[in-house]
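Report on one structure; see the data block that follows.
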Amino acid sequence: MPVLKDMKKVGGGFRNEVELVRVVYDYTLDGGAVGNYDVLTAESPCVVTLRHAAVKTAVTSSGSMTIDLGKGVGGTEFFNNKPVASLTLDSLHLTSAPAAVRLAPGDKVVMALETAAATAGKLEMVFEVTRY
């Protein structure tokens, strides 16, 4: 499975410590092929919440691409079929309900580009991570 160039390892701090982690999907570095991309990998047990996703460069596709974001391959806790048409320049995206996932060591947050490939885009994702 491809790994975002900016992929982060999380949960390595002190227990009950909260950290904000910024990960960027950048088409120019990561490509845009349909598939699953590792975003975060847990080093220790932790809880991860998506604070926001901010579009820095409009995400485009020659088809009707959607994005899923959540725990592991197939996870949709943060985004489920987010349409590419909504990922316009400077748009800000939040989850519809406060969603958190519990990660064990080695578990991942994965972003899936589905249906069609991306042709451009830069998406900044900010996560809150609490080690327990």
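For the stretch 37-51, 3J(HN,Hα) computed residue by residue from phi via the Karplus equation (6.51, -1.76, 1.60; θ = phi - 60°) reads 10, 5, 10, 9, 10, 7, 8, 8, x, 7, 10, 10, 10, 7, 7 Hz, glycine and proline entered as x. When the Cα positions of GLY63, THR115, LEU29 are compared along the charge dipole of the chain, LEU29 comes out farthest toward the positive end, with charges on each C-beta of Lys, Arg, Asp and Glu. VAL73: net charge of surrounding residues, Cβ under 15 Å, Lys/Arg +1, Asp/Glu -1, itself excluded? Overall, the nearby charge balance is -3.
Where only protein heavy atoms count, and the probe is 1.4 Å, what is the accessible area per residue for the chain in Å²?
On the way: 6330 Å² over 132 residues.
So the chain comes to 48 Å² accessible per residue, rounded to a whole number.
Taking the Cα centre of the chain as origin and assigning +1 to Lys and Arg Cβ atoms and -1 to Asp and Glu Cβ atoms, the resulting dipole is close to 160 debye.
Temperature 37 °C, viscosity 0.692 mPa s: under these conditions the Stokes-Einstein estimate for the chain, based on its Kirkwood radius over C-alpha pairs, is 226 µm² per second.
Which percent of the accessible heavy-atom area of the chain goes to carbon and sulfur, probe 1.4 angstrom? Of all accessible area on the chain, carbon and sulfur atoms account for 53 percent.
The values are calculated or read from the model by the stated rules, or taken from the named source; none is laboratory data. In this text the structure is predicted, and so the values were computed from the model without any measurement. Note that we place each Cβ from the backbone using ideal geometry, even for glycine, and neighbour counts take in every protein chain shown. For accessibility, only protein heavy atoms count, side chains too; no ligands or nucleic acids. Shrake-Rupley method; radii C 1.70, N 1.55, O 1.52, S 1.80 Å.
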